[in-house]
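To keep things clear, I will list the structure first and then write my remarks on it.
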Amino acid sequence: MLSKKAKYALQALQYLAQEYEHGPTLIAELARKEKIPKKFLEMILLDLKKHGVLQSKKGKGGGYFLGKSPAEINLGYVIRVLDGPLAPLPCVSQTAYMKCQECHDENTCGIRLVMKEVRDATAAILDGTSLADMLKNVARLQANGKIKKPHKRLLREIKR
């Protein structure tokens, strides 16, 4: 399950992706607009900055902004940074593998085989989806009238 920390991070990154190339965003503004507790958001943004997802600027006109273009930031990386491995069990993790103590034979363990498929499918989707893809998906729904209040920048994004 996605942690609250990772969910808030994705919300914040989606907002910052919408604001990409429009300068830094203040934490207070981001917290208010996305309804994220400010202190919690500060910790999340620092983690993302430490891992190169975000950059910050101090002083007047300062705040946080994406460290790379929205197309270069995939959701899988962000979730791993904040929540750790995507694998539902440690015996199928590619980054934090650990054999299950109660397992007799990993090669014939039906649970492991299914959970490996879950990990592979999850990783394929999250690693194959960038912030730009996320914005395009939202813009597509807005353009089709399935979401109210289209964001002008999102509508421009779908035309790219």
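Readers should treat all values here as calculations from the given coordinates under stated rules, not as data from a laboratory. Not measured: the values here are computed from a predicted model. When we count neighbours, we look across all protein chains shown, and the Cβ atoms used for this are built from the backbone with ideal geometry, even at glycine.
For region 9-160, what's the radius of gyration and Dmax over Cα atoms, in angstrom?
Looking at region 9-160, its Cα Rg and Dmax stand at 18.6, 61 Å.
Can you list residues whose amide H is under 5 Å from T129's amide H, if they're 5+ apart or on another chain and H is modeled 1.01 Å from N?
L75, G76
Quick one: what Rg and Dmax do you get for region 1-53 from the alpha carbons, in Å?
Reported Rg and Dmax, both Å: 10.5, 33.
I want the local charge near A123. Using Cβ-Cβ distances under 12 Å, sum +1 for each Lys or Arg and -1 for each Asp or Glu among the other residues.
Details: positive: R80, K116, R119; negative: E117, D120, D127.
Within the 12 Å Cβ shell, the charges total 0.
Can you flag which of K5/K60; K5/K57; K68/K99 are past 31 Å Cα-Cα?
K68/K99
In nm, what is the difference between 0.36 nm times the number of residues separating N137 and Q101 and their Cα-Cα distance? Intermediate results must be reported in sequence, preceding the final value.
On the way: separation 36, 0.36 × 36 = 12.96 nm, distance 4.19 nm.
Extra length available between N137 and Q101 comes to 8.8 nm.
Using the 10 angstrom Cβ neighbour count as an exposure proxy, how do V114, V138 rank, fewest first? Can you show the working numbers first?
Values: V114 13, V138 20.
The order, fewest Cβ neighbours first, is V114, V138.
Mind pulling the angle between the C-alpha long axis of helix 4-18 and the longest principal axis of the chain? Nearest 10 degrees, somewhere in 0 to 90.
40
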